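Asks: The structure is given below, and queries will be raised subsequently.
The values are calculated or read from the model by the stated rules, or taken from the named source; none is laboratory data. Computed from a predicted model, the values in this text were never measured in an experiment. A quick note on method: Cβ atoms are made from the backbone with ideal geometry, for glycine too, and the neighbour counts reach across all protein chains shown. Areas reflect the complete protein model, heavy atoms only, side chains present, ligands, DNA and RNA absent. Shrake-Rupley method; radii C 1.70, N 1.55, O 1.52, S 1.80 Å.
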Amino acid sequence: MDLFKSKFFPLIGRIKKSIADSRSFVFGIFSRKKNATMTADNSLADKKLIYSLSKSKIPNFCQLKHLRLALSKKESLLLKYLLVFIVLNVAFLGLNFGRNHLRIMPVSGGQYFEALVGSPARINPLYASLSDTDNDISRFIYSSLFKYDGNGQLIKDLVEDYQISPDGKIYTIKIRNDVKWHNGEKLTADDVIFTFEAITDSAYNSPLRASFSGVDISKQDDQTVVFTISEKYAPFLSLLTFGIMPVDLWEQIDPQSAPLAELNLKPIGSGPYQYKTFAKDKSGNIKSYTLSANKNYYGKKPYIKEITLKFYSDSTEAVGAFNDNNVDGLNFLAKEDEGSLISRNSLNIFKINQPRIKAIFLNQSANASLKNLKVRQALALATPRQNIIDQVLNNEAIPAYGPIPADNFAYNDAIEKYNFDSAHASSLLEADGWKKEVITLENIELLNNKKNQATSSKEVLTAEEKTKLNLGAGNWLYKESAPVKSSNGKTVITPAVRTYLILNLTIIDNDDDGKTADLIKINWEKLGVKTNIVKVPAKQIQSDAIKPKTYEALLFSEMIGNDPDVYAFWHSSQAGANGLNLSNYKNEEVDKMLEEGRLTSSRDERIADYKKFQELIANDAPAIFLYSPNYLYVQNKKIKGFAVKSLAMPADRFTDVSAWYMKTGERLEW
């Protein structure tokens, strides 16, 4: 019994425990299912509650602040790296996009002030060429049929199209149809005809009149005019750069009264700027002149809204105004004033080419020695061109080697340049039979003593001794003529005569020409050429020297212009009194090249003619070419857009004034 109990009862207990565990397991399953259902119901309710408060599924900033609570340290650090990477990529893409599509562009606005020396009087195309100041303002206000661009090339302005007849004598010009005067009226062919007829009418006394001798004009329709010239002239279009005036306003004014008309100071034109106002001082002198941008301008609209020109009595006063920031630009900077400028880092000094050539013109008819080619060539080789540019002009010029400027389309770079070579110059003269005589100070002293022995009735010095006394001490070049003998060839009648190489160099009496002449004299006299400098006041150079051609050698500037036509300076018909052939040079082949160059309309043929002409001049050496001076124009760096490289006259610096700007903005471009 005890054994039964000990075996049976434990088994019963394990069975009961198994049944209990099974019941607990079953009830646990049902309980978990119930709890899961209840949790799901609660979660769904929570979601409904959240969505009822915010419809967006994207977390806001306040919610994102708590993101770190749900992330591990490693996850948080990784997220930070990802955010930095994203920001850097967005920045790079933004910069790259901006660089490719965002443009800094000029925008309208600002007022520009420029200093000019002088004062306006007649802002009128008929007379403006007489004054740089009038011409400057006229360039803003008046348009012309043609104009020069910043590179000195002739381009269309008011002209829409033009045709030249096969014989080169008829020019049919069609005017743009969208041009209005500053008063709103339309510009037509009648305005062009009136302006041309006023220029050619002696009653107006315009200095442009002589340029249009033998030229007629007629009207084809309201926008077309026809010019007819009596003789073919290739550069004719370059003459049509005068400003056009409104006939409706000017035809009411008597030609004799035109220079005094109010329209001279309050002009109406069709250019990029129009008259606004001017101010006078107590003495009645105009001290400033203000122009405003022409909103109806047919060309590129100006960016700068107003331009005010201020007038000063001299360059020193103008430079002072610039240094005091009273103006933003200087119309011209003399090289001697360049050192007076302050704040150089804040300004631009533009060095602009000019079609002007400084040369020494050798007048063969005034000095027999200059008829000798070797003498002319030796003088050219002994002239220190580069030293003059460096020492006198502070390097503000470019060398000139011939009668056509180096930046001209017809320039011939292959000609003989006669660069400084004193040894070569000496050898040329020696080979030509020139010898040197040393005259010492002792010789001069003896001659002076002998001269003092002369009385009013007796001359003790011979002609040769007088010449030596005038030469002074030095090592001078001479040639000795052969003795003149009798017809039987035996008896000497006249002894040999020495001819010394003496040259008078005429210059304008100013600082630059004086320094230039001094350098030339030093080097010519080292060669053995006695050089005397003759100074003539600028106001008298035309009447006292150029017109009568009394000089032997003349240091002078010629304004060539942008076209290579230099007929007036080198054709034989222009030699002698009243002509501009300053060397009195005559060469039939040169005449032919100059005539053909101005007659042919082919650019290539003109280039060939003028290159040959330059070769002939270089071979004959009738002049010694020195340099073309730079035009120095100054602006504050806040003025942008100036791009003129070459100008024929100072007013040409405004040829691209519509492109100038002071203010900028950004614009998106795709």
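Asks: What order do W434, W660 take when sorted by accessible area (1.4 Å probe), most exposed first?
Replies: I get W434, W660, largest accessible area first.
Asks: Hey, how many Å between the Cα centroid of the stretch 226-252 and the Cα centroid of the stretch 618-670?
Replies: With the stretch 226-252 and the stretch 618-670 each reduced to a Cα centre, they are spaced 26 Å.
Asks: If you add up the charges near E338, with Lys and Arg at +1 and Asp and Glu at -1, over every other residue whose beta carbon is less than 13 angstrom from its beta carbon, what do you get?
Replies: Overall, the nearby charge balance is 0.
Asks: A further question follows. Working with all protein chains in place, sort L469, L77, L154 by solvent-accessible area computed with a 1.4 Å probe, largest first.
Replies: In descending accessible area the options line up as L77, L154, L469.
Asks: Expected output is a single nm value to one decimal: the length gained when fully extending between K466 and N96, i.e. 0.36 nm times separation in residues minus the C-alpha distance. What is it?
Replies: Gain on extension, K466 to N96, equals 124.6 nm.
Asks: How far apart, in nm, are two points set 7 Å out from the Cα along the Cα-to-Cβ line at N387 and at L78?
Replies: Spacing of the two 7 Å Cα→Cβ label points: 8.4 nm.
Asks: When the helices in the chain are scored as -39500 (n - 2.57) per DSSP H run of 4 or longer and the sum is shared across all residues, what 222 nm value do you end up with, to the nearest 500 deg cm²/dmol?
Replies: Computed mean residue ellipticity for the chain: -10500 deg cm²/dmol.
Asks: Where only protein heavy atoms count, and the probe is 1.4 Å, what is the accessible area per residue for the chain in Å²?
Replies: It amounts to 54 Å² per residue over the chain.
Asks: Follow-up. I want the local charge near F196. Using Cβ-Cβ distances under 13 Å, sum +1 for each Lys or Arg and -1 for each Asp or Glu among the other residues.
Replies: Result for the neighbourhood of F196: -3.
Asks: Could you tell me the accessible area of W524 in Å² (1.4 Å probe, neighbours in place), rounded to the nearest ten?
Replies: W524 exposes around 0 Å² with every protein chain in place.
Asks: Moving on to the next point. S573 to N419: FRET efficiency via 1/(1 + (r/R0)^6), r the Cβ-Cβ distance, R0 30 Å, to the nearest 0.05?
Replies: Efficiency for this residue pair is about 0.40.
Asks: At R0 = 60 Å, how high is the FRET efficiency between K645 and N452 if r is their beta carbon distance? Nearest 0.05 is fine.
Replies: 0.45
Asks: Now for a different question. So what does log10 I(q)/I(0) come out to for the chain at q = 0.09, 0.10 Å⁻¹, using the Debye formula with one equal point on every Cα and no solvent?
Replies: -0.93, -1.07
Asks: On the protein heavy atoms, probe 1.4 angstrom, tell me the percent of accessible surface of the stretch 246-373 carried by carbon and sulfur.
Replies: 45 percent
Asks: Let me check I've understood the local charge: for A321, count other residues with C-beta under 14 angstrom from its C-beta, Lys and Arg +1, Asp and Glu -1. What total comes out?
Replies: After counting each charged neighbour, the total is -4.
Asks: How much accessible surface does F113 have with a 1.4 Å probe, in Å² rounded to 10?
Replies: Rounded to the nearest 10, that gives 60 Å².
Asks: Also, I was wondering about something else. Rounded, prolate or oblate, given the Cα gyration tensor of the stretch 358-449, with a/c below 1.5 counting as rounded?
Replies: Taking the square roots of the gyration eigenvalues as a ≥ b ≥ c, the stretch 358-449 is prolate.
Asks: Rank these residues by their accessible area, most exposed first, probe 1.4 Å: S369, S218.
Replies: The most accessible residue leads, giving S218, S369.
Asks: Shifting gears a bit: To the nearest 10 Å², what's I404's accessible area with a 1.4 Å probe?
Replies: Accessible surface of I404 is approximately 0 Å².
Asks: Report, to the nearest 10°, how far helix 422-431 tilts away from the longest principal axis of the Cα atoms in the chain, using its own Cα long axis and a range of 0 to 90°.
Replies: Here the helix axis deviates by roughly 30 degrees.
Asks: Note down the relative contact order for the stretch 67-194 as a percent, whole number, built from C-alpha pairs under 8 angstrom at least six residues apart.
Replies: 9 percent
Asks: Pop the C-beta distance of R498 and S119 into the FRET formula with R0 = 41 Å and round what comes out to the nearest 0.05.
Replies: According to the calculation, E is roughly 0.10.
Asks: While we're here: Specify the angular offset, from 0 to 90 degrees and rounded to the nearest 10, of the alpha carbon long axis of helix 441-452 from the longest principal axis of the alpha carbons in the chain.
Replies: Helix 441-452 and the main axis of the chain meet at about 40 degrees.
Asks: Below 8 Å, C-alpha to C-alpha, sequence gap of six or more: please give me the relative contact order for the chain in percent.
Replies: Relative contact order for the chain comes out at 19 percent.
Asks: Ignoring ligands, DNA and RNA, what percent of the accessible area of the stretch 530-670 is carbon or sulfur (1.4 Å)?
Replies: Percent of accessible area from carbon and sulfur atoms in the stretch 530-670: 48.
Asks: Would you give the gap between the C-alpha center of the stretch 163-214 and the C-alpha center of the stretch 530-574, rounded to a whole Å?
Replies: So the two Cα centres are separated by 33 Å.
Asks: OK, next. Given an 8 Å cut-off on Cα distances and at least 6 residues of separation, report the relative contact order of the stretch 531-607 as a percent.
Replies: 21 percent
Asks: Among the listed pairs K295/K640; K371/K611; K435/K466; K371/K417, which have their C-alpha atoms separated by more than 22 angstrom in this model?
Replies: Going by Cα-Cα distance, K371/K611 fall outside the 22 Å limit.
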